[in-house]
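The values are calculated or read from the model by the stated rules, or taken from the named source; none is laboratory data. Model, not experiment: these values are computed from the prediction. Heads up, the Cβs are rebuilt from the backbone with ideal geometry, glycines too, and the neighbour counts pull from every protein chain shown. Side chains are part of the model used for accessible areas, which takes the heavy atoms of the whole protein and leaves out ligands, DNA and RNA. Shrake-Rupley method; radii C 1.70, N 1.55, O 1.52, S 1.80 Å.
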Amino acid sequence: MSGAVDINVLAFEEKHLISIMMFLSMNGECRKIEIYENVSSNPRIPDKLDRLEALGLITQTPRSDSRSITIGLTEKGKIVAAHFVELDKIIKNI
């Protein structure tokens, strides 16, 4: 191995990204407000969601019935989130 780290992996060093992924994995599609209520009320959450979307891990879809946005994991996001959930289980069992 060359020792180089894939820049996309480094993206998860940013606060709340893993928590958002795990929340979506365990709770399914939700409204953006639910991220604020259950993960963090950090004012930078929209930036963090945009980052996850740019990585192809989530979708942000405006709801037709209101101004709210639905957040969901993509297929790729489901795979990545499942790994985070599994790592969490491993750590808790140690």
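Scanning the range 34-48 for residues that are without any contact (Cβ under 8 Å) to a residue 24 or more places away in the chain, open to solvent by less than 80 Å² (accessible area, probe 1.4 Å) and not in a helix (DSSP H, G or I) yields a count of 1.
Picking from ARG31, ARG51, which residue would you name as being at pLDDT 90 or above, in contact with a helix residue (DSSP H, G or I) (Cβ under 9 Å, 6 or more places away or on another chain) and open to solvent by 70 Å² or more (accessible area, probe 1.4 Å)? First the steps, then the outcome.
Values: ARG31 fails: in contact with a helix residue (DSSP H, G or I) (Cβ under 9 Å, 6 or more places away or on another chain).
The match here is ARG51.
Just to be sure, is LEU55 of a type in the set (A, V, I, L, M) and touching a Ser or Thr at 6+ places or on another chain (Cβ under 8 Å)? Against the criterion (of a type in the set (A, V, I, L, M) and touching a Ser or Thr at 6+ places or on another chain (Cβ under 8 Å)), LEU55 does not qualify. Restricting attention to the range 80-94, the residues being open to solvent by less than 80 Å² (accessible area, probe 1.4 Å) and over 16 Å from ARG51 (Cβ atoms) number 3.
Please verify whether ILE20 is part of a helix (DSSP H, G or I) and exposed (fewer than 14 other Cβ atoms within 10 Å of the Cβ), treating the condition exactly as stated.
Numbers: part of a helix (DSSP H, G or I): yes; exposed (fewer than 14 other Cβ atoms within 10 Å of the Cβ): no.
When the stated conditions are applied, ILE20 does not pass them.
For the range 62-79, taking the residues that are of a type in the set (Gly, Ala, Ser) and surrounded by 10 or more Cβ atoms within 10 Å (Cβ to Cβ), the one that is farthest from MET26 (Cα to Cα) is identified as SER68.
Residue-by-condition table, conditions (1) charged (D, E, K, R); (2) without any contact (Cβ under 8 Å) to a residue 12 or more places away in the chain; (3) farther than 10 Å from MET21 by Cα:
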position	(1), (2), (3)
ARG51	yes, no, yes
PRO62	no, yes, yes
ILE69	no, no, yes
GLY72	no, no, no
LYS78	yes, no, no
